[in-house]
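Asker: Right, I'll just put the structure down here and ask away after.
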Amino acid sequence: MAIDQVNAPMAVEDLALVLDWAALEGWNPGVAAAEAFHSAAPEGFFLARVAGEPVAALSVVYHDAAHAFLGLYLCLPAWRGRGFGFKLWAHALAHAGGRSVGLDGVPDQEANYRASGFVKTGSSLRYVGQVSPERSPQIRAVAPPDQGALLALDAAANGFPRPRFTSAWLRDVPGQRVSYVLSRNGEIEGFAPRRAC
């Protein structure tokens, strides 16, 4: 059997299915997180089908003409080891063109990423804690006039602008995601979304 169809952009209802696959793998991308990526760059979401059945997924979100980010790379267990996931990988990376592509990888797959030409450049650290804006006057909710400063901070931190994604990522989703800024002397020094997982 061969991949008979690659849907791009992936439909929003297909994204819900792929997020169910991610949950079965123990991944927790966060409530409404994938939707922010999808709304920023729907053309970068791919779903492979065999005989009409969804079997593998991958996203390559294009931030600009030179940069993209790969994620949500999944192949259903029953379809693994037959090359379907890798064929989708190759298709999506070819679609990315000459862009520099970053990814967050699980340690078990680092050898595979290296084999595809990726180079490890760092590691992510996750912290857990409680910050209460009510008790910290330097922290406040993002306001519409902050948009320009937040886009500039994000571009400085990443080395390139990604306005479509950053705007979608900082958009509040009631009960799921709200964004805050750290402001001192009227200057925004940092920002972060607080999101449900």
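The values are calculated or read from the model by the stated rules, or taken from the named source; none is laboratory data. Since the structure is predicted, the reported quantities are computational estimates derived from the model, not experimental observations. When we count neighbours, we look across all protein chains shown, and the Cβ atoms used for this are built from the backbone with ideal geometry, even at glycine. Please note that ligands, DNA and RNA were not included when accessible areas were found on the heavy atoms of the full protein model with its side chains. Shrake-Rupley method; radii C 1.70, N 1.55, O 1.52, S 1.80 Å.
Asker: Can SER59 be described as hydroxyl-bearing (Ser, Thr, Tyr) and open to solvent by 40 Å² or more (accessible area, probe 1.4 Å)?
Answerer: Working: hydroxyl-bearing (Ser, Thr, Tyr): yes; open to solvent by 40 Å² or more (accessible area, probe 1.4 Å): no.
It is false that SER59 is hydroxyl-bearing (Ser, Thr, Tyr) and open to solvent by 40 Å² or more (accessible area, probe 1.4 Å).
Asker: With GLY44, GLY52, GLY30, GLY26 as the choices, which residue is in contact with a Ser or Thr (Cβ under 6 Å, 6 or more places away or on another chain) and at pLDDT below 90?
Answerer: The match here is GLY44.
Asker: Limited to segment 152-173, what total is found for residues that are in contact with a helix residue (DSSP H, G or I) (Cβ under 8 Å, 6 or more places away or on another chain), part of a helix (DSSP H, G or I) and open to solvent by 50 Å² or more (accessible area, probe 1.4 Å)?
Answerer: Of the residues in segment 152-173, 2 are in contact with a helix residue (DSSP H, G or I) (Cβ under 8 Å, 6 or more places away or on another chain), part of a helix (DSSP H, G or I) and open to solvent by 50 Å² or more (accessible area, probe 1.4 Å).
Asker: Still on this structure, I have one more. Out of all the residues in segment 67-96, which are open to solvent by 30 Å² or more (accessible area, probe 1.4 Å), within 15 Å of GLY44 (Cα to Cα) and in a helix (DSSP H, G or I)?
Answerer: Result: ALA90, HIS91, LEU93, ALA94, HIS95.
Asker: Looking at SER136, is it in a loop (DSSP other than H, G, I, E, B) and open to solvent by less than 80 Å² (accessible area, probe 1.4 Å)? First the steps, then the outcome.
Answerer: Numbers: in a loop (DSSP other than H, G, I, E, B): yes; open to solvent by less than 80 Å² (accessible area, probe 1.4 Å): yes.
Answer is yes for this residue.
Asker: Is segment 33-40 home to any residue that is out of contact with any Ser or Thr (no Cβ under 7 Å at 6 or more places or on another chain), open to solvent by 40 Å² or more (accessible area, probe 1.4 Å) and either over 26 Å from SER179 (Cβ atoms) or of a type outside the set (Lys, Arg) (or both)? Working first, answer last.
Answerer: So the first thing to find is which residues in segment 33-40 are out of contact with any Ser or Thr (no Cβ under 7 Å at 6 or more places or on another chain), and the list is 33-36, 38-40.
If we keep only those that are open to solvent by 40 Å² or more (accessible area, probe 1.4 Å) too, we end up with 35, 39.
Still in the list and also either over 26 Å from SER179 (Cβ atoms) or of a type outside the set (Lys, Arg) (or both): 35, 39.
For segment 33-40, residues out of contact with any Ser or Thr (no Cβ under 7 Å at 6 or more places or on another chain), open to solvent by 40 Å² or more (accessible area, probe 1.4 Å) and either over 26 Å from SER179 (Cβ atoms) or of a type outside the set (Lys, Arg) (or both): present.
Asker: So, one more: Working only within segment 97-130, note down all residues that are in a loop (DSSP other than H, G, I, E, B), open to solvent by less than 90 Å² (accessible area, probe 1.4 Å), more than 21 Å from ALA48 (Cα to Cα) and not aliphatic (A, V, I, L, M). Step through it out loud before you land on a result.
Answerer: To start, the set of residues in segment 97-130 that are in a loop (DSSP other than H, G, I, E, B) comprises 97-99, 104-106, 116-130.
Those left that are additionally open to solvent by less than 90 Å² (accessible area, probe 1.4 Å): 97-99, 105-106, 116-118, 122, 124, 129.
Right, trim to more than 21 Å from ALA48 (Cα to Cα) and you get 98-99, 106, 117-118, 122, 124, 129.
Result: GLY98, ARG99, GLY117, PHE118, GLY122, SER124, GLY129.
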